[in-house]
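Chemist: I'd like to ask some things about the structure below.
The values are calculated or read from the model by the stated rules, or taken from the named source; none is laboratory data. The structure displayed is predicted, hence computed values, not measured ones. Note that we place each Cβ from the backbone using ideal geometry, even for glycine, and neighbour counts take in every protein chain shown. Quick note on the areas: whole protein, heavy atoms, side chains included, nothing else; ligands and nucleic acids left out. Shrake-Rupley method; radii C 1.70, N 1.55, O 1.52, S 1.80 Å.
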Amino acid sequence: MSTTETAIASAEAHSAHNYHPLPVVVASAEGAWMTDVEGRRYLDMLAGYSALNFGHGNRRLIDAAKAQLDRVTLTSRAFYHDRFADFCTELAALCGMESVLPMNTGAEAVETAVKTARKWGYRVKGVPDGMAKIIVASDNFHGRTTTIVSFSTDPEARADFGPYTPGFEIVPYGDLTAMREAMTENTVAVLIEPVQGEAGVLVPPAGYLPGVRELTRERNVLFVADEIQSGLGRTGKTFALDHEGVVPDMYVLGKALGGGVVPVSAVVSSADVLGVFRPGEHGSTFGGNPLACAVALEVVAMLRTGEYQQRAAELGEHLHRELGLLTGGGAVEAVRGRGLWAGVDIAPALGTGREISEKLMEEGVLVKDTHGSTIRIAPPLVISKEDLDWGLDRLRAVLSAR
Ligand SMILES: Cc1ncc(COP(=O)(O)O)c(C=O)c1O
């Protein structure tokens, strides 16, 4: 057996099979490139589902982490530490908000948003105890906890994990009328992704997001934007909502906030909304730890320059222009997305998304399929134009060879 086969067989023998990875075993990575255990190089066109917006081994982020490793890494929230205030202040400023509640993973931040919205509903809006409702969208992806899968419409994510958490109303994504009709005096929040990543990089119809903003404001409902995958530069702006000039009541952030180094997530909102929490009502041992804060602080500083957003916008325009040329030729049925982020629907006759991903892997490009014949393209924002073009050439080659 090859080194790769041995490593995969051992991984499969000793781990739960809750993923179906491509058969590549990564040993090291730098920028937009990964190298496997046999020395083969691959262009990373997935970027850890946008957790690696700044690329692998980003010098600034690694240096920030290394410096912090030598000082203090964990205090728990039983004590203050000297990176916490800066992290919260800077992240709040990036968001144009006032207050931050740090967690670790995206799902934890979504759970935090759900708890915040419910508590706000009871304490501030005056919803009768136990009656709070949150409106979510069909085909959402917000994570994997039991509460979050309770409002998933994906049978795979949901089946056999009941009993499910009540209190969620599902309406079709992009349908403002349905949202309006689902709203009652007990609705405390609307929780949506401004671009649905896992669903295949779905951008809602123009006007939908401003409409959600208007409706939620009118009805005293919190607009909670899950920008865990869409935020922090990916779409060519700091937040995907920026494209429509919309400011939510709460951002839910994760992935790229940890710079691909450590898990860092957060809920960012007004002092009034996050002010509903009292000591002991919510928390996390690792949330807001010194190492996480040091790395995330650097991430925020990098985003404050606007350079990464600009890069994503420029390269994104190029990416969508090139992908657009593939539609109409029969191989590609549709391309969606924003910035350096695309969902590409391959003609089913050419193979499943998985098969196309495997072919691309053989050509030295790593992407991930989603839902049948769709592949997602989301390289690190630091990718060079030449490398992006090379990756697109490989895609063209795979499609024309089939
Ligand atoms: C929009 C969105 N929300 C939440 C999550 C969950 O994040 P995590 O996997 O860090 O729990 C994801 C992960 O893909 C996501 O894309």
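Chemist: All but one of (1) over 24 Å from F79 (Cα atoms); (2) in contact with a strand residue (DSSP E or B) (Cβ under 9 Å, 6 or more places away or on another chain); (3) open to solvent by 30 Å² or more (accessible area, probe 1.4 Å); (4) away from the ligand (no atom under 16 Å from the Cβ) hold for V221; which doesn't?
Modeler: (3)
Chemist: Please count how many residues of segment 358-402 are out of contact with any strand residue (DSSP E or B) (no Cβ under 8 Å at 6 or more places or on another chain) and either surrounded by fewer than 21 Cβ atoms within 10 Å (Cβ to Cβ) or assigned to a helix (DSSP H, G or I) (or both).
Modeler: 19
Chemist: Separate question: Give segment 161-217 a look and list any residue that's in contact with a Gly (Cβ under 6 Å, 6 or more places away or on another chain) and within 16 Å of the ligand (Cβ to nearest atom), or say none.
Modeler: Once the filter is applied, which keeps residues that are in contact with a Gly (Cβ under 6 Å, 6 or more places away or on another chain) and within 16 Å of the ligand (Cβ to nearest atom), segment 161-217 yields G200, V201, P204.
Chemist: Is there a residue in segment 212-221 that is within 19 Å of Y49 (Cα to Cα) and under 22 Å from the mean Cα position of the chain (by Cα)?
Modeler: Checked segment 212-221: no residue is within 19 Å of Y49 (Cα to Cα) and under 22 Å from the mean Cα position of the chain (by Cα).
Chemist: Just checking, which of V299, V344 is assigned by TED's automatic domain parsing to the domain that holds P204 and either modelled with pLDDT under 95 or buried (at least 17 other Cβ atoms within 10 Å of the Cβ) (or both)?
Modeler: Checking each option against the conditions leaves just V299.
Chemist: Quick check on segment 126-140. Is at least one of its residues open to solvent by less than 40 Å² (accessible area, probe 1.4 Å), within 16 Å of the ligand (Cβ to nearest atom), within 25 Å of A378 (Cβ to Cβ) and not small (G, A, S)?
Modeler: yes
Chemist: What pairs come out if I take residues in segment 181-196 that are without any contact (Cβ under 8 Å) to a residue 24 or more places away in the chain and pair them with residues that are in a loop (DSSP other than H, G, I, E, B) and within 16 Å of the ligand (Cβ to nearest atom) whose C-beta lies under 7 Å away, six or more apart or interchain?
Modeler: Within 7 Å, no pair qualifies.
Chemist: Criterion first (farther than 16 Å from V262 by Cα, part of a helix (DSSP H, G or I) and not aliphatic (A, V, I, L, M)) does D63 satisfy it?
Modeler: no
Chemist: Which residue is most open to solvent (accessible area, probe 1.4 Å), if the candidates are limited to segment 5-30 and must be of a type in the set (D, E, K, R) and farther than 28 Å from I62 by Cα?
Modeler: The selected residue is E5.
Chemist: Moving on. F286 is checked against (1) outside the structural domain of L46 (by TED's automatic domain parsing); (2) in a helix (DSSP H, G or I) and fails just one. What number does that condition carry?
Modeler: (2)
Chemist: Separate question: Please determine whether any residue of segment 93-108 is out of contact with any helix residue (DSSP H, G or I) (no Cβ under 8 Å at 6 or more places or on another chain) and open to solvent by 60 Å² or more (accessible area, probe 1.4 Å).
Modeler: Yes, segment 93-108 contains a residue that is out of contact with any helix residue (DSSP H, G or I) (no Cβ under 8 Å at 6 or more places or on another chain) and open to solvent by 60 Å² or more (accessible area, probe 1.4 Å).
Chemist: Could we say that G364 is touching a helix residue (DSSP H, G or I) at 6+ places or on another chain (Cβ under 7 Å) and within 17 Å of G200 (Cα to Cα) here?
Modeler: No; evaluated as a whole, the condition is false for this residue.
Chemist: Collect the residues in segment 225-259 that are part of a strand (DSSP E or B) and within 11 Å of the ligand (Cβ to nearest atom), keeping them in residue-number order.
Modeler: A225, D226, V252, L253
Chemist: Something else about it: Within segment 260-279, how many residues are away from the ligand (no atom under 16 Å from the Cβ) and part of a loop (DSSP other than H, G, I, E, B)?
Modeler: Here the count works out to 6.
Chemist: Would you tally the residues in segment 141-173 being small (G, A, S), surrounded by fewer than 21 Cβ atoms within 10 Å (Cβ to Cβ) and under 24 Å from Y208 (Cα atoms)?
Modeler: 1
Chemist: Are any residues in segment 326-336 farther than 18 Å from L43 by Cβ and crowded, with 19+ Cβ neighbours inside 10 Å, and if so, which ones?
Modeler: Hits for segment 326-336 are A331, V332, V335, R336.
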